[in-house]
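The next block holds one structure in the form of structure tokens; read it before the comments.
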């Protein structure tokens, strides 16, 4: 599966161009059924790795999902994480910041939701909104009550530097960071928006704001490209996941997570000689008649 994810893994943004990645790529996989079989194996492997992660209790995993509306973040999280123990996983969604959150630095609210050791944390949107939506709508900066002195012409570059430093700190603290940009085409987004309007059970997912943001597509693509270019590193890579076919996007995400966890060499804790004696004594007591 490592060969599947390699074309979409970005560890250096020096030559990164979003146009080099096609939203309708399927990595040579010809059918949805083939992908479903591979995904089932991936989910099973992820479940096995999560058990070791939880038992070992040293590493944590942070999965960050960013995308345009209707790219499939929710369904990808739902399908990929379907087989894991919910005790060891926490999903956090970040929408417009509250008054309390605006009174702190832009990393504050996400820092509160970081996974503890042995756990998987999933961010449905994240601190990257600060170099995406806020960049496309710079008037939002006014609501953040920042001192005029710090709102310089280099503010986006400075935020990239802050994010890169923060993710380096997370890695050094034992939190493996994986970042997924679900790359959907404008045509596919339109198709999914119309499906939401045509399907009563999906009407609630649609808002007029989605259409307004769609009108800023080029501005968002430029922001995403610059974001990945400045924050892709070997320790916190971006995966530019083709998302026009949801079944393929889920497969790539699953494979990337499993590959990363296997590299951590997760193991179940072993017991020493003294503990083994204690366990044997406990077993003998349980096997005694009348125990």
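The values are calculated or read from the model by the stated rules, or taken from the named source; none is laboratory data. Predicted, not measured: the structure shown is a model, and the values here were computed from it. Virtual Cβ from ideal backbone geometry, glycine too; neighbours counted across all protein chains shown.
Residue 30 meets all of the listed conditions (1) more than 18 Å from residue 115 (Cβ to Cβ); (2) touching a residue at least 60 places away in the same chain (Cβ under 8 Å); (3) not in a helix (DSSP H, G or I) but one, namely (2). Of the strands (runs of 3 or more DSSP E) lying entirely inside the stretch 36-152, those carrying at least 1 residues that are surrounded by fewer than 16 Cβ atoms within 10 Å (Cβ to Cβ) and in contact with a strand residue (DSSP E or B) (Cβ under 9 Å, 6 or more places away or on another chain) are 89-93. Checked against the criteria, residue 259 counts as under 15 Å from the mean Cα position of the chain (by Cα) and surrounded by 10 or more Cβ atoms within 10 Å (Cβ to Cβ).
For the stretch 199-291, the helices (runs of 4 or more DSSP H) that sit wholly inside it and include 3 or more residues that are closer than 29 Å to residue 130 by Cα and modelled with pLDDT of 95 or more are 217-231, 246-263.
Scanning the stretch 117-145 for residues that are under 16 Å from the mean Cα position of the chain (by Cα) and within 22 Å of residue 258 (Cβ to Cβ) gives 119, 120, 121, 122, 123, 124, 126. Yes or no: residue 240 under 23 Å from residue 127 (Cα atoms) and touching a helix residue (DSSP H, G or I) at 6+ places or on another chain (Cβ under 6 Å)? Spelling it out, residue 240 is indeed under 23 Å from residue 127 (Cα atoms) and touching a helix residue (DSSP H, G or I) at 6+ places or on another chain (Cβ under 6 Å).
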